[in-house]
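Each reported figure results from applying straightforward, stated rules to the coordinates on display, with no laboratory input. Bear in mind that the values here come from a model prediction, so they are computed numbers and not experimental data. FYI the Cβ positions are ideal-geometry reconstructions off the backbone, even for glycines, and counts take in every protein chain you see.
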Amino acid sequence: MLLRNVCGLQQFNSVAESVRNWKTKPSDNENLALYSLYKQATIGDVNIAAPSATDVVSSAKFKAWTGRKGMSQDDAKKQYIDMANQLQSKYA
């Protein structure tokens with residue numbers, strides 16, 4: 001079980017690195033989905049205070065991440081990998 005989790009973590013980290021190096025940026029909605037899955041996978045449920053409503057970008061990120069509340073970190077990693085694999089041909 002531990003070895004499987006380590007392999008999953010290595011795959012997640014590898015995919016996350018490749019996403020950072022894509023040639024073009026995903027759409028705002030796709031980017032928010034990837035961001036929220038990444039945060040949920042690496043940190044878990046939101047652990048920061050909500051940003052000011054005047055900070056539109058931070059508010060959108062916070063709302064997207066909050067929408068993942070309760071999702072396990074393993075599930076978030078799997079969904080992140082799946083989404084990145086689907087978007088790879090479009091943006092890499």
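Taking θ as phi - 60° and the Karplus parameters 6.51, -1.76 and 1.60, the scalar couplings of region 21-36 work out to 9, 4, 5, 10, 7, x, 4, 4, 5, 5, 5, 5, 5, 4, 4, 5 Hz in sequence order, x denoting glycine and proline.
Under a 5 Å amide H cut-off, with hydrogens placed 1.01 Å from N, D45 pairs with G70 among residues at least 5 apart or on other chains. Each residue in E17, E30 was given a count of other beta-carbon atoms within 10 angstrom of its own, and listing them fewest first yields E17, E30.
What would the Debye equation give as log₁₀ I(q)/I(0) for the chain at q = 0.18, 0.19, 0.24, 0.25 Å⁻¹, counting only Cα atoms as equal point scatterers? After summing over all Cα pairs, the log10 values are -0.82, -0.89, -1.22, -1.27.
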